[in-house]
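Here the structure comes first, spelled out in C-alpha cells, and everything after it is commentary.
Every number here is computed from the coordinates shown, using simple stated rules; none is lab data. In this text, all values refer to a predicted model and were calculated from it rather than measured experimentally. We place every Cβ from the backbone using ideal geometry, glycine too, and count neighbours over all the protein chains shown.
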Amino acid sequence: MRYYDKLIFELSHPGRTGYSLPSVQQYPFFAEKCSSGVAVDAAVPANLLRKSKLELPEVSEVDVVRHYTNLSQMNFGVDTGFYPLGSCTMKYNPKINEEIANHPAFAGLHPLQPAETVKGAQAVIDGLDAALAAITGMKHFTFLPCAGAHGELTGLMLMREYHMARNDSARVKVIVPDSAHGTNPASAAVCGLQIVEVKSGADGLVDVEALKPLLGPDVAGIMMTNPNTLGLFERQIGEIARLVHECGGLLYYDGANMNPLLGKVRPGDMGFDIMHLNLHKTFSTPHGGGGPGSGPVGVGERVLPYLRIPQTSGFHGNFGVMLRAYAYILMLGKQNVKMAGPLATLSANYIKESLKDCYKLPIPTVCKHEFVFDGLINDGAREGKTGATTLDVAKRLLDYGFHAPTIYFPLLFHQALMIEPTETESLETLDEFIAVMKKIAAEAAEDPDILHGAPHNAPIGRPDETAAARNPILKA
Ligand SMILES: *Cc1c(COP(=O)(O)O)cnc(C)c1O
C-alpha cells in the first residue's frame, strides 16, 4: 500500500494542525476588536452546541493537499485522459465557460431577487433560447428540466397535453425503436404511456414497414434520436414523420447528443415537434456523477401553445449550465459551430475503419459521431481457454490510461462496445487509442488471461459489481 492510499483518518496524529496563527493577544488592535468575537460559542444557543468533540483528522496542510489531490487522481476524468464513452459525449469543455459561470455577477445572483435586477440573466436565457431555436429549428425552449431524462418527461407531458386539448384522449401509446436510449421507454412509462417497440432492420435503421402496422388512433407519438444510438442517420426520417403525423401522432426527438448535427441539420426540418437537448453533453458542461445538468425542451409550431410560461423553472433551472452553453455557442460562432459535427463524424469513422480488422463491426456503413463494435474478432478462446469479452477489453483499457467505451449497450449486440471519440480530440490521441486497442486485441489472441485479470495497475482491481451496487461502502 502506498502511504497516500491511507485514509486521512489513518494519517491523523494527535495535536497536529494544518495551520498556525499567533494568539490574538499579541496584537492589541485585534485583541480589542475580537474580544467578544473569538468566543464564537457565545453566539450559538446552548441547545445547538455539539455535546462531544468533532472527530476530525489532525493532519498538516501538506497532508490535506496530498490527500485530496491523490483522491482526484484515483478517478478517471476527461481532463486526465481520453474518454470515448458512447452516447455520453464526454468531450473536453473549455475552461473559459467555467470562469464565466463562476463570475460573481452570475454566481452571486439570488433566485428571489426582483426581476428588474436580473435583466442580464434574463438576456442570457433569451439569447440561449434564440440560439437553440436557430440550431434545432424549434420555435422556443423551456429551461425548466434539469437533465435529459427530465426533458423527456416534460416533452412527453406536453405531447399528452396536446392530445388532451384536442379531446383525443385515446392516444396512450408511444413508439420507441429497439435501439433507443434506456431513458426513452423509462420516461414514457413514468408519464403513464404504454411503450410499443419498433424493430430496427439489418441496416440498424428503423424498419418503416415494421412501423406502419403500429400506427393508429391510439398512438400519441414516436420517440427517436437521429443519428440513432448506433450512430447511424435515419435516412427515412421524412417518410417516418409523414406517417406519424398522418395518423395524428407527434414526433419526439432525443437530442442529448446533437454534436454530429450542429449547424448542419435541424430536427425541426426533419419533422420533429418536441425535443430535448442535453446542454451538459453537446453544449459543454462537464458531466457524470449525477449533475448538474440542463435538459431544455424545444417545441415546434404544433406544440407551442402548450409550452409553459414562464419558461424557466423556479430559480431559473440550472442557470450555470445555461451560461456555459451560451458562452460555448457564442465563442464558436455560426461558422465554427458547423465544424463540431464533421469533426465528431470524422473521428468516429477514423477509429472504426482503423480497428475493424480486430473488432467485429456488425454494421459497416459510414457512421456519424459514434459506432458499435460487437466484441473481438479473435478473443483467444481455444483449448479450454475462455475468450476475452468486451468487459475484459474495457478493463484492460484502464491499464493503458484510457477510459472504456460504453459497453453492453445498445442491447442489439451481445458484446457491444460503443465508441464516441467526440470532436475535441487530436489525431495523435486517436492514433494512440487505436494502437492500444490493437495491442489489446493481440493480447487477447495470445493470452486472454491477461485481459481477464485487468486492470492490473488501477487504484482498485475488478470489484464485484453487483455487491458494490447492493452493499456500497461509502465511508470508512
Ligand atoms: C444521456 C442521454 C440521455 C439522458 O440524459 P440525462 O441527462 O442523463 O438524463 C437520453 N438520451 C440519450 C441519447 C443520451 O445519450
Under 8 Å for C-alpha pairs, at least 6 residues apart: give me the relative contact order for the chain, rounded to a whole percent. 18
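Give me C367, C358, C191 ranked fewest to most by other Cβ atoms within 10 Å of their Cβ, as a rough exposure proxy.
Working: C367 25, C358 20, C191 17.
Fewest-to-most ranking of C367, C358, C191: C191, C358, C367.
Arrange the peptides 122-135, 99-112 so that the one whose residues have, on average, the most other Cβ atoms within 10 Å appears first.
Working: 122-135: 17.7, 99-112: 12.1.
Answer by packing, highest mean first, reads 122-135, 99-112.
Would you kindly state how much longer the chain becomes between D357 and H414 on full extension, computed as 0.36 nm times their sequence separation minus their alpha carbon distance, in nm to one decimal? Kindly include the intermediate steps, with their values, before the conclusion.
Working: separation 57, 0.36 × 57 = 20.52 nm, distance 1.87 nm.
Once the chain is fully extended between D357 and H414, it gains 18.7 nm.
What does the convex hull of the Cα atoms come to per residue for the range 335-402, in Å³?
Numbers: hull volume 6.9 nm³, N = 68.
Spelled out: Cα convex hull of the range 335-402, divided by residues, is 101 Å³.
Sort 157-168, 57-68 by the packing proxy (mean of other Cβ within 10 Å over each peptide's residues), most packed first.
Values: 157-168: 16.5, 57-68: 14.3.
In decreasing order of mean packing, 157-168, 57-68 become 157-168, 57-68.
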Mean projection of the alpha-carbon convex hull of the chain over all orientations, in nm²? 30.2
Computed over the range 164-304: relative contact order in percent, which uses C-alpha pairs under 8 Å that are six or more apart: 18
Taking a straight Cα-to-Cα line shorter than 13 Å from K95, and setting aside same-chain aspartates and glutamates fewer than 8 residues away, one finds D79
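Once every DSSP H run of n ≥ 4 in the chain is given -39500 (n - 2.57) and the sum is divided by its residues, what mean residue ellipticity at 222 nm do you get, rounded to the nearest 500 deg cm²/dmol?
Values: 16 runs with 175 residues, N = 476.
Dividing the helical sum by the residues of the chain leaves -11000 deg cm²/dmol.
With N set to the number of residues, divide the alpha-carbon radius of gyration of the range 115-166 by 2.2 N^0.38 Å and report two decimals.
Details: Rg = 13.6 Å, N = 52, 2.2 N^0.38 = 9.9 Å.
Cα Rg divided by the expected 2.2 N^0.38 Å: 1.38.
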Stretched out fully, how many nm does the piece from R66 to E239 gain, at 0.36 nm a residue minus the Cα gap? 56.4 nm
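Which entries in K439/K475; K212/K281; K173/K352; K119/K139; K281/K395 show an alpha-carbon gap greater than 31 Å? Don't skip to the end; give the middle numbers.
On the way: K439/K475 38 Å; K212/K281 33 Å; K173/K352 37 Å; K119/K139 22 Å; K281/K395 24 Å.
Exceeds cut-off: K439/K475; K212/K281; K173/K352.
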The alpha-carbon center of the range 293-309 and that of the range 347-423 are separated, in whole Å, by 37
Taking 8 Å as the Cα distance limit and 6 or more residues as the minimum spacing, I'd like the relative contact order of the range 375-417 as a percentage. 31
Among L54, L323, rank each residue by its count of other Cβ atoms within 10 Å, from fewest to most, as a rough exposure measure. L54, L323
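Would you mind ranking K51, K352 by Cβ crowding within 10 Å, fewest neighbours first? List each step's numbers first, then the result.
Values: K51 4, K352 23.
Fewest to most other Cβ atoms nearby, the residues stand as K51, K352.
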Between K334 and A435, what length in nm is gained on full extension when 0.36 nm per residue of separation is reduced by their alpha carbon distance? 32.8 nm
So what are the ³J(HN,Hα) numbers for the range 171-187, from phi and the Karplus equation (6.51, -1.76, 1.60; θ = phi - 60°), rounded to whole Hz, Gly and Pro as x? 7, 10, 10, 10, 8, 10, x, 5, 8, 5, 4, x, 5, 4, x, 5, 5
Using amide H atoms built 1.01 Å from N in the peptide plane, name the residues 5+ places from E197, or on other chains, whose amide H lies under 5 Å from its own. V176
